[in-house]
Amino acid sequence: MRDLSTLPRIGFGLFPTPLHKLQNISHLLGTNVWIKRDDLIGMGLGGNKVRKLEFLLADAKVRGAEVVFTTGGAQSNHAMLTAACANRLGLRPILILKKRGVTACKGNQLLEKLMGTEVHFMDTDSYDDIYEEMDRMGRAIGKTYYKIPCGGSNALGSLGYVDCVREIAAQGQPFTHLICAEGSGGTHAGIALGARIFMPDTTVVGMKVDTDPFEEITPAIMREAAKLLELDIEIENDGVLHRDVCGPGYAVASKEGNEAIALMAKHEGLFLDPVYTGKAFGGLIAMAREGAFGPDDNVLFLHSGGAGGLFAVDMD
């Protein structure tokens, strides 16, 4: 295996992020529930995209980019954090976002305004349209540009979460299960691959908050990431575990997600968001109530951030 430290990387995060047990929720659910606090990662309002951007923006610098494009929904945490990290490097971030969701100046749109970020909306459901527009704008600008896919979810970005699992293993607490939100596939891919390497006895479950075919997308990212790490392992689609928690739709609050947000806020004083972490934790609660975890199991939930969206999405 190639050493992760040999790959170009720019440090944005404050590592290791904290890991601790949720005592009250553990009592309520009858199992040991822990949380990995990537919401405290040290950039913006925190979140999982920072780990990915450490590798992606390092690659942009290596390639001589002056402009960085990325995309997502109107309230994309990834897009906001890309702007924040690019600004720190003196790169010009340009966000081309789907005109879907809350486009008003609140939530992540407000944060982007505070950073002076150039934001464009496209009325399309196709990211291919958006990537073509990036190329058109990049050529018009006339400077070297770098395109980061939605969510930073490609093989290079996923290495941030391979490294996160290495970090978790080094923190010394073994886990039977590791649960994360899955909105574009890269975080789950990195965690699942990282667990194969560093925590082979841990079951990883990605909680699907969108309707994309993650049963195909996530293993494909894992296979490409394994190539980057020079790993000779087989990754079968049916060996990567998912659970559908999308509810009424992507970026549309769900009853189960809202209940999970309220439970976490009331009993642990921590705040999840209605798009990603709330729905994902709702899935964890459902698994616990279905008997998926025993009283001696240790279940780790990745808090992948998303606080900006909490102040934008209608939870009624």
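Across the stretch 143-171, what is the total count of residues that are crowded, with 24+ Cβ neighbours inside 10 Å and acidic (D, E)?
0
What strands (runs of 3 or more DSSP E) lie completely within the stretch 1-87 and have 2 or more residues being buried (at least 24 other Cβ atoms within 10 Å of the Cβ)?
32-37, 67-70
Which condition does S76 not pass, out of (1) more than 18 Å from the chain's Cα centre (by Cα); (2) within 18 Å of V313 (Cα to Cα), if it passes all the others?
(1)
Out of all the residues in the stretch 248-262, is one or more under 30 Å from D296 (Cβ atoms), touching a residue at least 40 places away in the same chain (Cβ under 8 Å) and either crowded, with 24+ Cβ neighbours inside 10 Å or touching a His at 6+ places or on another chain (Cβ under 6 Å) (or both)?
no
Output the number of residues of the stretch 231-246 satisfying the condition of being over 18 Å from the mean Cα position of the chain (by Cα), in contact (Cβ under 8 Å) with a residue 24 or more places away in the chain and surrounded by fewer than 18 Cβ atoms within 10 Å (Cβ to Cβ).
The number of residues fulfilling the criteria is 2.
Are any of the residues in the stretch 113-131 without any contact (Cβ under 8 Å) to a residue 60 or more places away in the chain, loosely packed, with under 15 Cβ neighbours inside 10 Å and in the same structural domain as G13 (by TED's automatic domain parsing)?
no
Before we move on, is L110 part of a helix (DSSP H, G or I), within 26 Å of A307 (Cβ to Cβ), within 19 Å of the chain's Cα centre (by Cα) and at pLDDT 95 or above?
no
Among the residues that make up the stretch 51-62, is at least one of them on the phi > 0 side of the Ramachandran plot, of a type outside the set (D, E) and out of contact with any His (no Cβ under 6 Å at 6 or more places or on another chain)?
no
Please verify whether G257 is modelled with pLDDT of 95 or more and small (G, A, S), treating the condition exactly as stated.
yes
Give E54, E66 a once-over and let me know the one that is more than 17 Å from I141 (Cα to Cα) and acidic (D, E).
Exactly one of E54, E66 is more than 17 Å from I141 (Cα to Cα) and acidic (D, E), namely E54.
Rundown of residues vs (1) at negative phi; (2) not polar (S, T, N, Q), yes/no style:
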| site | (1), (2) |
| --- | --- |
| Q109 | yes, no |
| G142 | no, yes |
| G151 | no, yes |
| V165 | yes, yes |
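Answer yes or no: is there a residue in the stretch 98-110 that is of a type in the set (V, I, T), surrounded by fewer than 24 Cβ atoms within 10 Å (Cβ to Cβ) and touching a residue at least 60 places away in the same chain (Cβ under 8 Å).
Scanning the stretch 98-110, I find at least one residue that is of a type in the set (V, I, T), surrounded by fewer than 24 Cβ atoms within 10 Å (Cβ to Cβ) and touching a residue at least 60 places away in the same chain (Cβ under 8 Å), so the answer is yes.
Can you tell me which residue within the stretch 238-254, out of those that are closer than 15 Å to P213 by Cβ and in a loop (DSSP other than H, G, I, E, B), is modelled with the lowest pLDDT?
So the residue we want is Y250.
Suppose we keep only residues that are under 12 Å from G305 (Cα atoms) and surrounded by fewer than 24 Cβ atoms within 10 Å (Cβ to Cβ) within the stretch 263-283. Which one would you say is nearest to the chain's Cα centre (by Cα)?
Going through the qualifying residues, I end up with F271.
Which one is nearest to G257 (Cα to Cα), of the residues in the stretch 297-314 that are among the aliphatic types (A, V, I, L, M) and crowded, with 24+ Cβ neighbours inside 10 Å?
The extreme case among them is L302.
The values are calculated or read from the model by the stated rules, or taken from the named source; none is laboratory data. Just so we're clear, the structure is a prediction, and the values are computed from it rather than from any experiment. Cβ coordinates were reconstructed from backbone atoms using ideal geometry, including for glycine residues, and neighbour counts include every protein chain displayed.
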